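Below is one structure, written out as structure tokens; the observations come after it.
Just so you know, all these numbers are worked out from the coordinates, no wet-lab data involved. Because the structure is predicted, anything quoted here is derived from the model rather than measured. No Cβ is skipped: glycine too gets one built from the backbone with ideal geometry, and neighbour counts run over all protein chains shown.
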Amino acid sequence: MDGPLLTIDRGDDRPLGVQLVDGLRRGILAGMLRTGDPLPSTRSLAAELGVARSSVVAAYDQLAGEGYLEVR
């Protein structure tokens, strides 16, 4: 995968967590993330985006609960 996984828009009215989940879900549905592709660690993605690690953990957990991610 080339380029950033997703971006956060601080001017967006949607909460950061919602932007994270929506962005990751869009990437999966658009084929940017394919079955078996590893996601960045929660720490590295949080640092890259300038958000709290807990926000990334919550987004990963939500997407795993929806069946979009497999957590190992």
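Of all residues in the range 29-56, those satisfying the criterion of being farther than 15 Å from Val71 by Cα and surrounded by 12 or more Cβ atoms within 10 Å (Cβ to Cβ) are Met32, Ser44, Leu45, Ala46, Ala47, Glu48, Leu49, Val51, Ala52, Arg53, Ser55.
Residue check: is Gln19 in contact (Cβ under 8 Å) with a residue 24 or more places away in the chain and not hydroxyl-bearing (Ser, Thr, Tyr)?
So Gln19 does not fit the description; no.
Among the candidates Arg34, Arg14, Arg26, which residue alone is part of a helix (DSSP H, G or I), out of contact with any strand residue (DSSP E or B) (no Cβ under 9 Å at 6 or more places or on another chain) and among the basic types (Lys, Arg)? Spell out the reasoning first.
Details: Arg34 fails: part of a helix (DSSP H, G or I); Arg14 fails: part of a helix (DSSP H, G or I).
Arg26 is the lone residue from the list that is part of a helix (DSSP H, G or I), out of contact with any strand residue (DSSP E or B) (no Cβ under 9 Å at 6 or more places or on another chain) and among the basic types (Lys, Arg).
Scanning the range 57-72 for residues that are surrounded by 12 or more Cβ atoms within 10 Å (Cβ to Cβ) and assigned to a helix (DSSP H, G or I) yields Val57, Ala58, Ala59, Tyr60, Asp61, Gln62, Leu63, Ala64.
Restricted to the range 32-64, and to residues that are hydrophobic (A, V, I, L, M, F, W, C) and in contact with a Lys or Arg (Cβ under 7 Å, 6 or more places away or on another chain), which residue is farthest from Asp9 (Cα to Cα)? Break it down into steps so the answer makes sense when it comes.
Our first condition is that a residue be hydrophobic (A, V, I, L, M, F, W, C); within the range 32-64, this holds for 32-33, 39, 45-47, 49, 51-52, 56-59, 63-64.
Next, only the ones that are in contact with a Lys or Arg (Cβ under 7 Å, 6 or more places away or on another chain) stay: 46, 63.
Details: Ala46: 14, Leu63: 20 Å.
The selected residue is Leu63.
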